[in-house]
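Engineer: So that we are looking at the same thing, I have put the structure below in structure tokens.
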Amino acid sequence: MSIKVPLVDMVARYKTVEKEVKKAVISVLESGHFILGPDVSNLEKEASEYIGVKYAVGVASGTDALHLALLACGVKKGDEVITTPFTFIATVEAIAYTGATPVLVDILPGSYNIDPKKAAKKITKKTKAIIPVHMYGQAADMKSIMALAEKHGLKVIEDSAQAFGGECHGKKLSGIGHAGCTSFFPTKNLGGAGDGGMVFTNDDEIAAKVKILHVHGSAAKYVHKTLGFNSRLDSIQAAVLRVHLRHLDQWNDLRRRHARRYGNLLGGNERIILPKELPGNKHVYHLYSVRVSEREACQRFLQERGVSTAVHYPIPVSGQESFRHLGYKAKDIPVSSRISKEVLSLPMYPEMKEEHIEYVCESLLEFCGK
Ligand SMILES: Cc1ncc(COP(=O)(O)O)c(C=O)c1O
């Protein structure tokens, strides 16, 4: 018997909150407040409380959140910002937009996150900030990164786009660094019904700067202090996100439950390397990426059986045409280079049924040999 298992199922999620979302969207339509209305400020309040920080500023995307947070931290042309090449390209694009040079440091094979020891070796007089990316939903080693930043007077901007609700030693991600950035892209753990993002911080100055930058550089209407951007979060998005935020913990719990089930069913096969939740971390499994050899054949095999998978990401950022000028070779980032050829994201979404997980595992084990 063959069943179809998508990688994610946005419609299944919508069905679980349909009534609430419809009510929220209609109330925005009826209010006429489409830009920076009460839903945006209420979401900012609720999300900042959830993360446990003083400020949250809604912006137009996760990419903008990173860009504006970097600018608010004073990053500019001539500076260097450390991050990893094993991320979605937006992390590195945001650095490049400021005119600063991205310095790409390899990852740890256990967590797929930046290796703080290697990062320490790349700090120069020009280094201004570090962006740890909490890949797949698991925290980077924030203790070491914060200690490194403190020692060298650097800003830490967390890229939590894949990890909303995740924790590190009991603290919510996005609330540990000087600033935290998230994406509300629909498939994210806290996703909207379109693009959106948010910057979190406890720092009065960073918050004030992001607030000004995201509305054309103005603090008061039609008075522009600095060159800014149009990067506002839509009220309709905010209304949908407020509903989703109320369900997020439950959705993340389901993701964690599915991950445990995957682990139980796939564990022990030496041809499959499973993701590991490291001590002190609460992994929220935005993606459940395993590592397999012969990945392309494996992906085709699964697709033939109706199981959709994806690769996050097949090419490290330094190998992308838009960043080849940075001059990195595969040997400079050996772990990222190797792992990007092996990772395979299996279906993962809160509404997955037990039989879906069993079928995915059965199919994968059939390929890998039981
Ligand atoms: C790690 C990471 N950073 C940044 C982003 C950018 O977010 P957005 O698509 O909302 O601009 C994403 C989104 O895919 C991401 O996964």
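The values are calculated or read from the model by the stated rules, or taken from the named source; none is laboratory data. The shown structure was predicted, so the numbers you read here are calculated from the model rather than taken from an experiment. A quick note on method: Cβ atoms are made from the backbone with ideal geometry, for glycine too, and the neighbour counts reach across all protein chains shown.
Engineer: Being under 15 Å from the mean Cα position of the chain (by Cα), more than 19 Å from Ala94 (Cβ to Cβ) and either modelled with pLDDT of 95 or more or surrounded by fewer than 22 Cβ atoms within 10 Å (Cβ to Cβ) (or both) is the requirement here; does Lys172 meet it? Spell out the reasoning first.
Structural biologist: Details: under 15 Å from the mean Cα position of the chain (by Cα): yes; more than 19 Å from Ala94 (Cβ to Cβ): yes; either modelled with pLDDT of 95 or more or surrounded by fewer than 22 Cβ atoms within 10 Å (Cβ to Cβ) (or both): yes.
Considered against the rule, which asks whether it is under 15 Å from the mean Cα position of the chain (by Cα), more than 19 Å from Ala94 (Cβ to Cβ) and either modelled with pLDDT of 95 or more or surrounded by fewer than 22 Cβ atoms within 10 Å (Cβ to Cβ) (or both), Lys172 comes out as yes.
Engineer: Evaluate the following for Tyr359: is it among the hydroxyl-bearing types (Ser, Thr, Tyr), touching a residue at least 24 places away in the same chain (Cβ under 8 Å), in a helix (DSSP H, G or I) and within 20 Å of Val11 (Cβ to Cβ)?
Structural biologist: Values: among the hydroxyl-bearing types (Ser, Thr, Tyr): yes; touching a residue at least 24 places away in the same chain (Cβ under 8 Å): yes; in a helix (DSSP H, G or I): yes; within 20 Å of Val11 (Cβ to Cβ): yes.
It is true that Tyr359 is among the hydroxyl-bearing types (Ser, Thr, Tyr), touching a residue at least 24 places away in the same chain (Cβ under 8 Å), in a helix (DSSP H, G or I) and within 20 Å of Val11 (Cβ to Cβ).
Engineer: For the list (1) out of contact with any Ser or Thr (no Cβ under 8 Å at 6 or more places or on another chain); (2) assigned to a loop (DSSP other than H, G, I, E, B), I need the number of the one condition that Tyr328 fails.
Structural biologist: Of (1) out of contact with any Ser or Thr (no Cβ under 8 Å at 6 or more places or on another chain); (2) assigned to a loop (DSSP other than H, G, I, E, B), only one is false for Tyr328: (1).
Engineer: Oh, and also: Among the residues of region 206-220, is there at least one that is near the ligand (Cβ under 10 Å from one of its atoms) and assigned to a loop (DSSP other than H, G, I, E, B)?
Structural biologist: Scanning region 206-220 turns up no residue that is near the ligand (Cβ under 10 Å from one of its atoms) and assigned to a loop (DSSP other than H, G, I, E, B).
Engineer: In region 163-175, what residues are in a loop (DSSP other than H, G, I, E, B) and in contact with a Leu (Cβ under 7 Å, 6 or more places away or on another chain)? Working first, answer last.
Structural biologist: Our first condition is that a residue be in a loop (DSSP other than H, G, I, E, B); within region 163-175, this holds for 163-166, 169-170, 173-175.
Within region 163-175, Ala163, Phe164, Gly165, Gly166 meet the criteria.
Engineer: Please go through region 175-193 and pick out each residue that is away from the ligand (no atom under 12 Å from the Cβ), surrounded by 24 or more Cβ atoms within 10 Å (Cβ to Cβ) and hydrophobic (A, V, I, L, M, F, W, C).
Structural biologist: Those that are away from the ligand (no atom under 12 Å from the Cβ), surrounded by 24 or more Cβ atoms within 10 Å (Cβ to Cβ) and hydrophobic (A, V, I, L, M, F, W, C): Ile176, Ala179.
Engineer: Among the residues of region 133-161, what is the count of those that are buried (at least 24 other Cβ atoms within 10 Å of the Cβ) and either touching an Asp or Glu at 6+ places or on another chain (Cβ under 6 Å) or assigned to a strand (DSSP E or B) (or both)?
Structural biologist: 4
Engineer: Hey, among the residues in region 276-296 that are more than 16 Å from the ligand (Cβ to nearest atom) and within 15 Å of Cys361 (Cβ to Cβ), which one's nearest to the chain's Cα centre (by Cα)? Full working, then the answer.
Structural biologist: Start the filter on region 276-296 by keeping residues that are more than 16 Å from the ligand (Cβ to nearest atom), which leaves 276-282, 290-296.
Narrowing further to those that are within 15 Å of Cys361 (Cβ to Cβ): 290, 292.
Details: Val290: 18, Val292: 23 Å.
Going through the qualifying residues, I end up with Val290.
Engineer: Only one of Leu344, Leu326 is more than 20 Å from Ala259 (Cβ to Cβ) and away from the ligand (no atom under 16 Å from the Cβ). Can you tell me which? It would help to see each step written out before you state the result.
Structural biologist: On the way: Leu344 fails: more than 20 Å from Ala259 (Cβ to Cβ).
It is Leu326.
Engineer: Are any residues in region 38-74 within 16 Å of the ligand (Cβ to nearest atom) and part of a loop (DSSP other than H, G, I, E, B), and if so, which ones?
Structural biologist: Ala60, Ser61
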